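K.L.:
Got a structure for you, written out below as structure tokens; questions coming shortly.
The values are calculated or read from the model by the stated rules, or taken from the named source; none is laboratory data. Note that the coordinates shown come from a computational prediction; the quantities given were computed from them, not determined experimentally. Note that we place each Cβ from the backbone using ideal geometry, even for glycine, and neighbour counts take in every protein chain shown. Just so you know, the surface numbers come from the protein's heavy atoms only, side chains and all, with ligands and any DNA or RNA stripped out. Shrake-Rupley method; radii C 1.70, N 1.55, O 1.52, S 1.80 Å.
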Amino acid sequence: MRPSDPLIRAWLALVALSALATGVSLLRPDAPPWAATVAGAAILVLAWLKARVILNRYLGLAGVPGARRGFGAGLGAFALAALVLYALG
Amino acid sequence: MTEAVHPRTGLPGELIMWVLIVSELAVFGAALLIFLVLRLGDPAGFAAAQDQLHRLSAGVNTMVLVTSGLVAALAVRAAEAEQRALARRWLAAAILLGGVFLVLKGVEYADAARRGIGLETHVFFTFYWLLTLFHAAHVLAGMILLGIVAIRAQADAVEAAGQFWHMVDLVWVLLFPVIYLL
């Protein structure tokens, strides 16, 4: 295993994105309302990025462009719907 | 993750596992969106309920699960290279990390139960218990599956179990922010 291994890079990205999402969430209670909303949106975008990494690297869709686009569109639609519902709340 | 692809779809691994992945994403995705719709009716109540959860512990559990995903992918790689002993070791590591995830969930559940937080405490907690327990059941099923395929460590079986494990990982990275962080 080398740091250049795509699996290791995927794992490092997932760890970094997860730490960032948790960090943003822990800081959010002290933020003004508008910043809390932006933080929530950022958390959802980070989740969408993590899901893409898992699909493309762990599940191997990086080499299947059609399926990668299909899953990407589905996940994007979910993230967008979640974002709209979150922002409305 | 793999060299083996389905001949008609070009998808890596077992087609039936992809059907399962899409089904599970649809079920959990729909439940999470319903959760967010219900939140619109009582945002303050949902926020107060969420503040009772252990965000940091759930964040640590996310690290544990994505690390187990890496380990499972390495097991698939080893099995495909006919390195069965190595594949078994990676599978054992993935099972161990799954166990760590469940222990941390157990601590979280015990604490919630001790504080009297149940299914009917608030609609937030109805979804919290149902979704996280359903996910934890998948983790347990995945651990059993990984253990079964470790016996012979054949590439196609290890790959199918790996797909299931990544699905569990995938569901968690969508569930975790909506239930614990937003």
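K.L.:
Using the Karplus curve 6.51 cos²θ - 1.76 cosθ + 1.60 with θ = phi - 60°, work out ³J(HN,Hα) for each residue of region A:54-60 in order, rounded to whole Hz, and write x for Gly and Pro.
P.N.:
Per residue, the Karplus-derived 3J(HN,Hα) values read 5, 5, 6, 9, 5, 9, x Hz.
K.L.:
How large is the accessible surface of B:Asp51 in square angstrom, using a 1.4 angstrom probe and rounding to the nearest 10?
P.N.:
Surface open to solvent at B:Asp51 totals about 100 Å².
K.L.:
Taking the Cα centre of region B:63-181 as origin and charging only Cβ (+1 Lys, Arg; -1 Asp, Glu), how large is the dipole, in debye to the nearest 20?
P.N.:
For this selection, approximately 280 debye.
K.L.:
Which is farthest toward the positive dipole end of region A:6-88 among A:Val45, A:Ala10, A:Trp34, measuring Cα position about the Cα centre, with Cβ charges +1 (Lys, Arg) and -1 (Asp, Glu)?
P.N.:
A:Ala10
K.L.:
Hey, can you find the accessible area per residue of chain A for me, probe 1.4 Å, expressed in square angstrom?
P.N.:
Per residue, chain A has an accessible area of 49 Å².
K.L.:
Using label points projected 7 Å from each Cα along Cα→Cβ, tell me how many nm separate B:Ala44 and B:Val100, to one decimal.
P.N.:
Modelled inter-label distance: 4.1 nm.
K.L.:
Also, quick follow-up: Tell me: how much accessible area in total is hidden between B and A, 1.4 Å probe, Å², nearest 100?
P.N.:
Buried area between the two chains comes out at roughly 3400 Å².
K.L.:
Related question: How shielded is A:28-40 by partner chains, expressed as the average number of their Cβ atoms within 10 Å of its Cβ atoms?
P.N.:
1
K.L.:
So, with a 1.4 angstrom probe, what is the percent of accessible area on region B:63-181 that is carbon and sulfur?
P.N.:
Looking at region B:63-181 in its full context, I get 71 percent from C and S.
K.L.:
Right, another one. Residues of region B:43-87 losing 50 Å² or more of accessible area relative to the isolated chain, 1.4 Å probe, heavy atoms only?
P.N.:
B:Arg55, B:Met63, B:Val66, B:Leu70, B:Arg77
K.L.:
Could you tell me the extents of region A:6-88's C-alpha atoms along the three principal axes, largest first, rounded to whole Å?
P.N.:
Largest to smallest, the principal-axis extents are 43, 27, 10 Å.
K.L.:
Springs between alpha-carbon atoms under 10 Å, Gaussian network over chain B: tell me which of B:Arg152, B:Arg115, B:Arg88 tops the mean-square fluctuations.
P.N.:
B:Arg115
K.L.:
Mean-square fluctuation check for chain B, GNM, Cα pairs under 10 Å: which of B:Trp172, B:Trp18, B:Trp90 is largest?
P.N.:
Between B:Trp172, B:Trp18, B:Trp90, it is B:Trp18 that shows the largest mean-square fluctuation.
K.L.:
Which distance in nm do the two modelled labels at A:Leu88 and B:Ala137 give, with both placed 7 Å along the Cα-to-Cβ direction?
P.N.:
Roughly 3.0 nm, to one decimal.
K.L.:
Gaussian network model of chain B, Cα springs within a sub-10 Å range: biggest mean-square fluctuation belongs to which of B:Ala161, B:Ala112, B:Ala150?
P.N.:
It is B:Ala112.
K.L.:
With a Cα-only, solvent-free Debye model of region A:14-56, what are the log10 I(q)/I(0) values at q = 0.29, 0.30 Å⁻¹?
P.N.:
Listed by q, the Debye log ratios stand at -0.95, -0.99.
K.L.:
Residues of region A:71-89 losing 50 Å² or more of accessible surface, assembly versus chain alone, probe 1.4 Å, please list them.
P.N.:
A:Phe71, A:Phe78, A:Leu85, A:Tyr86, A:Gly89
K.L.:
Give the residues of region B:128-151 whose amide nitrogen is closer than 20 Å to a point set 7 Å from the Cα of B:Arg84 in the direction of its Cβ.
P.N.:
It comes to B:145-151, nothing else.
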